[in-house]
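One structure is given below, encoded as structure tokens.
The values are calculated or read from the model by the stated rules, or taken from the named source; none is laboratory data. Quick caveat: nothing in here was measured; it's all calculated off a predicted structure. Because the Cβ atoms are built from the backbone with ideal geometry, glycine has one as well, and the counts that use them run over all protein chains shown. Just so you know, the surface numbers come from the protein's heavy atoms only, side chains and all, with ligands and any DNA or RNA stripped out. Shrake-Rupley method; radii C 1.70, N 1.55, O 1.52, S 1.80 Å.
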Amino acid sequence: MKEKVLSILKESGGYVSGQELCERLGVSRTAVWKAVNALKESGYEIESVRNRGYKLKDSPDVLLAEELHSLLKTEWFGRDILYFETVDSTNNEIKRQAEHGGREGLLAIAESQSAGRGRHGRMWQSPAGSGIWMSFLLRPDITPEQAAGITLVAAMGVAAAVREELGLPAQIKWPNDIVVNGRKLTGILVELSTDMECINYVAVGIGINVNNDSFPEEIRDKATSLFAECGHKVSRSRIVASFGKHFERCYKIFMEDKDMRRLRVEYEAALVNKNAEVMIIDADTEKRRRALGISDSGELIVEDADGNTENIRAGEVSVRGVYGYT
Ligand code: BTN
């Protein structure tokens, strides 16, 4: 009920009478009044004026399910939402839910994570309130090899959301870091549960630095946040809603061919490495190459000084810029 009242108030932007709310929702005045009070308790500023009704004046920067549901314009992303004040890792939560029959699109989102994980076994700092720490569940009918593309699709969703909501020049560092002005804004951790050549489920985890105003010493010169880039506090729920919309759009296209062929132009338009010199770093070797773009399956196509090309698979090597992170 809270969710529906919130959604009507948001849609209207002005006063909505108690009578109208009752009629549209098919409930009593008392039920509407209770829902309004519950919203106020969650931090929403709602004005009630006799003979005019209710007006939403301000929304808190919360990631509660009702706030997200009132903004999401998706078919299946975020149909089910689990919100945590704190959780070990939203990726772990999605895996637990997946094992118990969670539906595709289930979103787990937390104010903070006590054991946030990054790629290559690193830890991911997830302080309370400043970022978006979320994971969602996919159950695609594809092979584990094809699933490598999902990480690129997730990166496209974040880059498109940041550009749409804030007009910032968000770019993708292959395969899936989002960078703004050369610094890392977002990390993506995609984990698969497989059975022979089949996928049971995929947990897509995304960490976006949103309102952080400082970073720990060790990542200070390579990390950034939306706040640091645009100079004002940003609504995390709007970014999540925009991400959901763009992810669904791109994922639908991806699933038509189960690869990146129809997304290549959009992906490469955001690719910070396109036509740039990169270092390909293997266990103990470093090769300098020019990155040309991506293949249908999402590999990075690189060229050496003699014009010989090679496809690099995500996860096998790491790629960085010649003069720094990008
Ligand atoms: C990276 O190393 O760049 C990937 C970082 C992924 C972090 C996100 S935050 C939400 C989700 N839960 C986790 O434990 N990790 C991912």
* Asked: Out of Ser7, Ser17, Ser114, which single residue is modelled with pLDDT of 90 or more, small (Gly, Ala, Ser) and either touching a His at 6+ places or on another chain (Cβ under 9 Å) or open to solvent by 70 Å² or more (accessible area, probe 1.4 Å) (or both)?
  -> Ser114
* With the checklist (1) closer than 27 Å to Lys274 by Cβ; (2) within 16 Å of the ligand (Cβ to nearest atom) in hand, flag the one item Asn211 doesn't pass. => (1)
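Step by step: first the residues of the range 69-105, then only those that are in a strand (DSSP E or B) and either closer than 12 Å to Tyr201 by Cα or in contact with a helix residue (DSSP H, G or I) (Cβ under 6 Å, 6 or more places away or on another chain) (or both), then the one that is nearest to the ligand (Cβ to nearest atom). Which residue is that?
Looking at residues that are in a strand (DSSP E or B) and either closer than 12 Å to Tyr201 by Cα or in contact with a helix residue (DSSP H, G or I) (Cβ under 6 Å, 6 or more places away or on another chain) (or both), I get Val87.
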* Residue list for the range 173-197, restricted to those being open to solvent by less than 40 Å² (accessible area, probe 1.4 Å) and on the phi > 0 side of the Ramachandran plot -> Gly182
* Structure fact -> Contact list, first residue from the range 23-39 and under 22 Å from Leu64 (Cβ atoms), second anywhere and open to solvent by 40 Å² or more (accessible area, probe 1.4 Å), beta-carbon distance below 6 Å, six or more apart or interchain, is Leu25/Lys4; Ala35/Met1; Ala35/Lys2; Ala38/Lys2; Leu39/Lys2
* Asked: Is it the case that some residue within the range 94-107 is closer than 21 Å to Asn209 by Cα and at pLDDT 95 or above?
  -> yes
* Asked: Looking at the range 234-249, is at least one residue crowded, with 17+ Cβ neighbours inside 10 Å, more than 15 Å from the chain's Cα centre (by Cα) and closer than 27 Å to Tyr325 by Cα?
  -> no
* Members of the range 277-309 found to be touching a residue at least 24 places away in the same chain (Cβ under 8 Å), more than 20 Å from Arg264 (Cβ to Cβ) and either exposed (fewer than 14 other Cβ atoms within 10 Å of the Cβ) or among the β-branched types (Val, Ile, Thr) (or both), listed by number -> Glu277, Ile280, Ile281, Asp282, Arg288
